[in-house]
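Reading through the structure tokens given below for one structure.
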Amino acid sequence: MADDQTSSKNSQEDTTGRPASKGRQMLSKWASTFIILPLIGMAISAVLLSRIAEWWAGPKAYHVYVVGDFSGQNRQIADELWKGISEEFEKTSINNIPVNLQRIDDKGSTENAKMLSGKLAERVDTLMVIGHMTSSKSLMALPAYLQTEPPIPVILPIETNPNLLPPTIAENHQYYPIFRFSPTDKEQAKTAAELALAERLSKENNAKRDNVKAFWIVSDPTNPTYSDFLINEFIAALQEKKQVTVLLSSSMTLPSWDILKNIDCIFFIGKWSNARVLLEQVGTLWTDSPLPRIILSDTVVEAAIFNRIQTETKLPELYITHPMPVDNFQKDGYAKRGRDIGSIVNDLLADTSLHFAEEMQRQSLVHYWLKQLFNIRYVTDARQVLRIVMERAAIWDNRRFAGELDEYVFNKDGLRENSRFHIWHLSEFTEDKNIFKEIDLKSIHLKPIP
């Protein structure tokens, strides 16, 4: 028994006679002191040195950021635009620094748009931003992009509000690098007013409505920035043509029949779900009178195509105003617009790369060669040349960019010249969607579809 106890005791000691557990503790302490802590320190140092090097010499890559609602209710629009842009985008480099394309989700929130724009404006790799794909979000984001130095070039893919530039910038005569691909709501209101005032081809309708110029406008209280501006412009465009009577409503509550029966046209600015209710009400109420024409604004488009109208009532003439041709949109959505954007971004980046050395030497020959000598590649230099390329295209060269949908010419305010809103007419149904055809006011067919 004594020998067993001695053997057991010896097994718990190392060759120095100290308990094995103490040896392991010392080994662990030694490893922490001389291996683990130095490795952690090296990792932290590497990160810090990398950031210092990036701050000193510039990033390893520049980025074009595509920002939109990739997870919310407008994700279909964002996905279609991203699909087109990413398919067309060609990898290139400026001053030997690669340019990459990356998308960022702003979750459809104006608060997120404002927060993200501030972060992107502070990044050392932000070359350009494409976004935010709605007027309300871009309104919040543009100040951060345009008030940094030099301004971050911005592509606005589908925004239509004409008053997106911050007041301090709008009043400044300096050029700001913005290209807008859609016409503004001024054009939408003008197009809707011309359609509303267009004479009907039906003799029966003309005979009954020859002297009636009454319009009912239904606004969207959930989107007042968009809705209020469009309404004011629509009324102004109507009154330019002739004296009219306008009934304005911010809800779906119907006026009395004595008022409704004289309505010639309804301009509806709101959600598709409410528009469908309106169609049912019109078909039910106007049984013995010619149905009023109904015009929907562009925000209902996706839902209007892919939610088939099912009703037992007679359908009125239904139109949508939209900045894209209907055939292209029904086939590819916004993907073709995205490909046009990607193509024009390619052209801009190629010109920036081609003229980079020339423009930087023109600004300061000494600074240019010092930066080349020490391999300094600031994104602000690339941004400045990109701004010059966009300014030259918009102001001096009146440059025409070729695209699948159209040719694009941008003016000094970033607006597309000769852009317009298209008129879509609901013409037929399939099993799962509504089919629209494009019309013009000269050959408009105004009989309700069967």
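FYI, it's all coordinate maths here, none of it is from the lab. Nothing here was measured: the structure is a model prediction, and the numbers come from that model. Heads up, the Cβs are rebuilt from the backbone with ideal geometry, glycines too, and the neighbour counts pull from every protein chain shown.
Summary of values
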quantity	calculated
Approximate spin-label separation ASN346-MET115, in nm, with each point projected 7 Å along Cα-to-Cβ	3.6
Order of TRP424, TRP286, TRP396 - criterion: other Cβ atoms within 10 Å of each residue's Cβ, fewest first	TRP396, TRP286, TRP424
Span from the segment 339-388 Cα centroid across to the segment 212-238 one, whole angstrom	45
Global geometry of segment 396-445, whether rounded, prolate or oblate, following the gyration tensor of its Cα atoms and the 1.5 cut on a/c	prolate
Net length gained if the chain between GLN147 and VAL124 were fully extended (0.36 nm per residue, minus Cα distance)	6.7 nm
In nm, spacing of pseudo-spin labels at ALA61 and ASP228 (7 Å Cα→C-beta vector)	4.4
Net length gained if the chain between ASP440 and SER250 were fully extended (0.36 nm per residue, minus Cα distance)	65.5 nm
Residues MET128, MET360, sorted so that the one with the fewest Cβ neighbours within 10 Å comes first	MET360, MET128
Theoretical FRET efficiency, 1/(1+(r/R0)^6), r = Cβ-Cβ of HIS355 and GLU407, R0 30 Å, to 0.05	0.85
Highest average packing first - 87-96, 321-330, Cβ atoms within 10 Å	321-330, 87-96
Long-range amide H partners of LEU247 with built H, under 5 Å	PHE215, TRP216, ILE217
Share, in percent, of DSSP beta bridges within segment 54-134 that are antiparallel, nearest 5	20
Distance violations [Cα-Cα > 31 Å] among LYS107/LYS271; LYS60/LYS331; LYS261/LYS437	LYS60/LYS331
Ranking of ASP397, ASP106 by count of other Cβ atoms within 10 Å, fewest first	ASP397, ASP106
Filtered GluC sites (Glu not before Pro), segment 255-324: DSSP coil and at most 16 other beta carbons within 10 Å	GLU312
Full-stretch length increase - ILE376, ILE309 - with 0.36 nm per residue and alpha-carbon distance subtracted	18.1 nm
Efficiency of FRET between THR430 and ARG362 - r from beta-carbon atoms, R0 56 angstrom, step 0.05	0.45
